[in-house]
Amino acid sequence: MSLNPLVLRADFPLFDHYPDLVYLDNAATTQKPRQVLDAERHFYETANANVHRSSYRLSGLATDAFEGARNTVARFLNAGSADEIIFTRGATEAINLVANSWGSANLKPGDEILVSGYEHHANIVPWQLIAAQTGAIVRAIPVFPDGTLDRTSFLSQLQPQVKLVAITHASNAIGTHLPVLELAAAAHVAGARVLIDGAQAVAHENVDVQALGADFYVFSGHKVYGPTGIGVLYGKAELLADMPPWQGGGDMIDKVSFAGTTFAAPPGRFEAGTPPIAQAVGLAAALDWLSKLDRAALKQHEAHLCALLDAGLRKIPGVRVLGATTERAPLRSLIFDNAHPYDVAQFLDGRDIAVRVGKHCAEPLLDALGVNGTLRVSFAAYNTTADVERFLQALAETLEELA
Amino acid sequence: MSGAAQHEIEQAYAHPFGAQIDRAALSQRLDAAGGWEAKSRLLVQLARELPGLPEQEKNDTNRVSGCESTVWLITRWQDGRLQVAADSDSRVIKGLLTLLLTAYHNRSADEIQRFDIEAWLASLGLVRFLSASRGNGIRAIATRIIEASRQPAG
Ligand SMILES: Cc1ncc(COP(=O)(O)O)c(C=O)c1O
């Protein structure tokens, strides 16, 4: 079965408002299908109440919708149980949760956290903060200037003092897929835990957290056609069971007294306060929307767009694609011999083409590649070959103009 | 400072913006450029008319930090007027800098502090740059210049 992006596009009301928009910043955030918007609205109109209050029926409906969303996420990731799914504000908060909760309980002076050189700042800074508090040390797994991973360095650094390996499933800045299966297996042999940042993977790959051997897996709803303000932490049940709460408040407690408080079991222990209920419902609708597509056909479609883009870029002088020898998510990161990425983006914007420029919150990676900014083109299901053609033509003309 | 370095700095301050080119002249050129693409094109052209800064002045002290592009700014007092020179690795941003220089270069502290740069840029159809990304937004650069105008001369 193949996939018709024009039919999919009709699910996205934003394009009704901007019919000429070529939106190529999907790695930053995707547009939202009507099904997601409808699900949130439907929730507010028919089931809105606070959750986990059992004294009236409406709250039961809200709780069912919220816990139903948790089940949907668990199925989407093939988690062992819905209790392994914690709702957060996004990938960033999910990583901070692990760093603070798991990190404060498990890290001691001299322990090491290995963080890959591809990481988004969201998967670097929380580790630096918890390292500063616990006396642990953050070490980088280097990236070669061509964008490939230094596996040898990884393996040699994988010593008994390494307690956690933090790696991205796919780089948001250059797209490179990390060999997460292989890295996780090696980490486990060495006795380390593994956190995988799936922010750039979930919209494109079938993710099976059990097959990957992830101890923790995180993603953001808004990058997978869902709402902002909601994200997911998957954590293995036996790890979550021993982790202390991070934030305190309602919903995460078992019993509170001034003599001492006991905490709820996961996932509740990690969801202090009123959770993003409608957003969870919206996220579940997004995952349902995505799961109903032929995922293999979708992957093929996105790969086809990349192949067209790559072929077109080869014909434009003065363009370099970063990490070109690596297997990548459907995004391309470009630099130009004679133009600043920001300037190119301004001219593209003049033609209704939206791309992202800058360091993409991945400064260590850009330093390793020896560049100080790129122009990033990133695809989603609704992008078309016409989008690629318009981008290529506008890019060629812009570079000529700026030469 | 070596004689050669001093000479380069003099050249950087000897740009035409706020001197031979005044606000009315720039307003006219920007008004004539309709549409976003034409304005971007004009900004790139204006950037060509700005000599920029010598390499040794493109340092961390003079940098106005930002993510998407880098801006460097230097100021000094000359006969009671603030002189301003600037550069960027982006040509569109460098073009915008010519507007800031036209507004502020070679003016008294009082003139600098009284000028409404936002209203002027808005009237030129460049309001989107006022909301541009944190740090190296045009606002941040204008703020740096206004701060410099509050430092005592000499
Ligand atoms: C790889 C990666 N990790 C983490 C994040 C942070 O996601 P959020 O800002 O939604 O928490 C992003 C977002 O850009 C990302 O691309």
7 Å from Cα along Cα→Cβ at both A:Leu308 and B:Ala38: what's the point-to-point distance in nm?
3.2 nm
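Only sites in a loop by DSSP and with at most 13 other Cβ atoms within 10 Å count here; which chymotrypsin sites (Phe, Trp or Tyr not before Pro) in the stretch A:217-288 make the cut?
Values: sites: A:Tyr217, A:Phe219, A:Tyr225, A:Tyr234, A:Trp246, A:Phe258, A:Phe263, A:Phe270; in loops: A:Tyr225, A:Trp246, A:Phe258.
Within the stretch A:217-288, the qualifying chymotrypsin sites (Phe, Trp or Tyr not before Pro) (loop, at most 13 other Cβ atoms within 10 Å) are A:Phe258.
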With each pseudo-label sitting 7 Å past Cα toward Cβ, what's the B:Arg128-A:Ser257 distance in nm, one decimal?
6.3 nm
When the accessible area of the protein assembly as shown is split by element with a 1.4 Å probe, what percent falls to carbon and sulfur?
51 percent
Dipole of the stretch A:267-403, positive direction: furthest Cα of A:Pro267, A:Ala311, A:Thr384, with charges on the beta-carbon:
A:Pro267
What FRET efficiency comes out for the pair A:Asp64/B:Gln56, r = Cβ-Cβ distance, R0 = 51 Å, nearest 0.05?
0.15
Once the Cα atoms of helix A:57-77 and of chain A are each reduced to a long axis, what angle between those two axes, in degrees from 0 to 90 to the nearest 10, is obtained?
60 degrees
Violations at 27 Å Cα threshold for listed pairs A:Lys223/A:Lys359; A:Lys359/B:Lys58; A:Lys32/A:Lys359; A:Lys223/A:Lys292; A:Lys32/B:Lys94 -> A:Lys32/B:Lys94
Ordered by residue, what ³J(HN,Hα) values in Hz, to whole numbers, does the stretch B:2-15 give under the Karplus form 6.51 cos²θ - 1.76 cosθ + 1.60, where θ = phi - 60° and Gly and Pro are x?
5, x, 5, 5, 4, 4, 5, 5, 4, 5, 4, 6, 8, 6
What quantity of accessible surface, computed with a 1.4 Å probe and excluding non-protein components, is buried in total between chains A and B, in Å² to the nearest 100?
1500 Å²
Have a look at the DSSP beta bridges in the stretch A:159-304 and tell me what percent are antiparallel, nearest 5.
55 percent
Under Karplus coefficients 6.51, -1.76 and 1.60, residue-wise ³J(HN,Hα) of the stretch B:27-36 in Hz, glycine/proline x
4, 4, 5, 6, 4, 5, 8, x, x, 5
Using the Karplus equation 6.51 cos²θ - 1.76 cosθ + 1.60 (θ = phi - 60°), what ³J(HN,Hα) coupling, rounded to whole Hz, does each residue of the stretch A:148-159 give in order, writing x for Gly and Pro?
9, 7, 7, 4, 4, 5, 4, 5, 6, 7, 7, 9
For the full complex of protein chains and a 1.4 angstrom probe, list A:Thr325, A:Thr385, A:Thr88 by accessible area with the highest value first.
A:Thr325, A:Thr385, A:Thr88
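In chain A, once you exclude exposed trypsin sites (Lys or Arg not before Pro) (DSSP loop, at most 13 other Cβ within 10 angstrom), what's the longest stretch remaining? Show your work: numbers first, answer last.
Numbers: sites that count: A:Arg53, A:Lys315.
The answer is A:54-314.
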Hits among lysines - C-alpha to C-alpha of A:Lys163 under 27 Å, sequence gap 8 or more where chains match
A:Lys108, A:Lys236
Please compute the net charge surrounding A:Ile335, taking Lys and Arg as +1 and Asp and Glu as -1 over other residues with Cβ under 13 Å from its Cβ.
+1
Nearest-ten-degree value, helix A:180-189 long axis tilted from longest Cα axis of chain A:
40 degrees
Could I have the simple spin-label model distance between A:Leu129 and A:Ala297, label points 7 Å from Cα toward Cβ, reported in nm to one decimal?
4.4 nm
Antiparallel as a % of all DSSP beta bridges within the stretch A:37-291, to the nearest 5?
45 percent
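In Å², what does the accessible area per residue of the protein assembly as shown work out to with a 1.4 Å probe? Kindly include the intermediate steps, with their values, before the conclusion.
On the way: 23290 Å² over 557 residues.
I get 42 Å² per residue for this part.
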Label 7 Å along Cα→Cβ of A:Asn4; the stretch A:357-398 residues with amide nitrogen under 17 Å?
A:381-386
Any idea of A:Val180's accessible area? Nearest 10 Å², probe 1.4 Å.
10 Å²
In degrees rounded to 10, the 0-90 angle between helix B:138-150 Cα long axis and the longest Cα principal axis of chain B is 40 degrees
List, by residue number, every residue in the stretch A:370-403 with a reduction of 30 Å² or greater in accessible area between the chain on its own and the complete protein assembly, 1.4 Å probe.
A:Glu401, A:Leu402
Does a label point 7 Å from the Cα of A:Leu181, set along Cα-to-beta-carbon, have any residues of the stretch A:206-225 with amide nitrogen under 17 Å, and which are they?
A:206-215
Quick one: go through the stretch A:125-149 and flag any residue whose amide nitrogen is under 16 Å from the point 7 Å out along the Cα-to-Cβ line of A:Glu205.
A:148-149
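The values are calculated or read from the model by the stated rules, or taken from the named source; none is laboratory data. Only a predicted model underlies this, so the values are computations on that prediction, with no experimental measurement involved. Virtual Cβ from ideal backbone geometry, glycine too; neighbours counted across all protein chains shown. Each accessible area value is taken on the protein alone, full model and side chains, heavy atoms only, with ligands, DNA and RNA left out. Shrake-Rupley method; radii C 1.70, N 1.55, O 1.52, S 1.80 Å.
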